[in-house]
Amino acid sequence: MKLYQNEISSATSRVRIALALKGLTAEALPVTILGEDSESRQAGYRSVNPQGLVPALLTDSGVLLTQSLAIVEYLDELQPRPPLLPDTAEDRALARSIALAITAEIHALLPPRIGLHLRATFQADADAIIAWDRHWVGEGMAAVETMIAGRRQGVFAVGDRPSIADIFLFPQSIGARRLGFDLTRWPNIAEIVTKLEAMPAFRDNAPASRR
């Protein structure tokens, strides 16, 4: 397998964590994502992934998969152990709900292309873009904390083993910390992240900081 990726990307981090948990490997194909001239915005990469986003996974059979949630679930089907979804239908739905609350409601408002659009269309400066990011991260993480707290019965977000909920929660939490948030404002999230940081699959595949 080949993984089109960028080390600062939290979406890439999710797939790398899933690969590590499954004991699978993929050849890393770096794609730059920052700036107007980034590789992700060029025709060459758009011919690979029309959305111009990372990650994208090229399977051993030559099929290109996009969107981190779809890729993580593909890896879960490819290598069933350890499972990345909980045992019951309700818990599986909750894990997916948490993952989607992060990827579709928080992260969707934060990628570099959003900052470029805010700058070009609304003349937003760096401080305004950071304020934008902090607003949506703060609001979104507070909602995720409430979702977890209302049903939490185990060590992790949903149960006693890491699931797709944790795979999506961890990189977003690292990003929140880098935006200046103290994770203890969200007690369940802070406790879960502390446990995840002790696990090499998570710690070693956290998103890199922007230089």
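The values are calculated or read from the model by the stated rules, or taken from the named source; none is laboratory data. Note that the structure is a prediction, hence the values are computed from the model and not measured. Don't worry about glycine lacking a Cβ; one is built from the backbone with ideal geometry, like all the others, and counts go over all protein chains shown. Ligands, DNA and RNA are excluded from the accessible area calculation, which covers all protein heavy atoms including side chains. Shrake-Rupley method; radii C 1.70, N 1.55, O 1.52, S 1.80 Å.
A few remarks follow.
- Report note on the peptides 111-124, 54-67: ranked by the mean count of other C-beta atoms within 10 Å, highest first, their order is 54-67, 111-124.
- Fully extended contour minus Cα-Cα distance, from Ala128 to Arg46, at 0.36 nm per residue: 26.6 nm
- Sulfur and carbon atoms: percent of accessible area, the stretch 103-202 [1.4 Å]: 57
- Modelled label reach - Met1, point 7 Å along Cα→Cβ, the stretch 166-210 residues with backbone N closer than 20 Å: 166-172, 200-208
- Rounded Å value of the spacing that divides the Cα centres of the stretch 7-38 and the stretch 104-139: 21
- Overall dimensions of the stretch 4-125, expressed as equivalent-ellipsoid semi-axes from the Cα gyration tensor (√(5λ), whole Å, largest first), are 28, 19, 11.
- Accessible surface, per residue, of the chain when the full set of protein chains is kept, probe 1.4 Å, Å²: 49
- Modelled this way, with points 7 Å down the Cα-to-C-beta line, the labels at Ser209 and Asp182 are 1.9 nm from one another.
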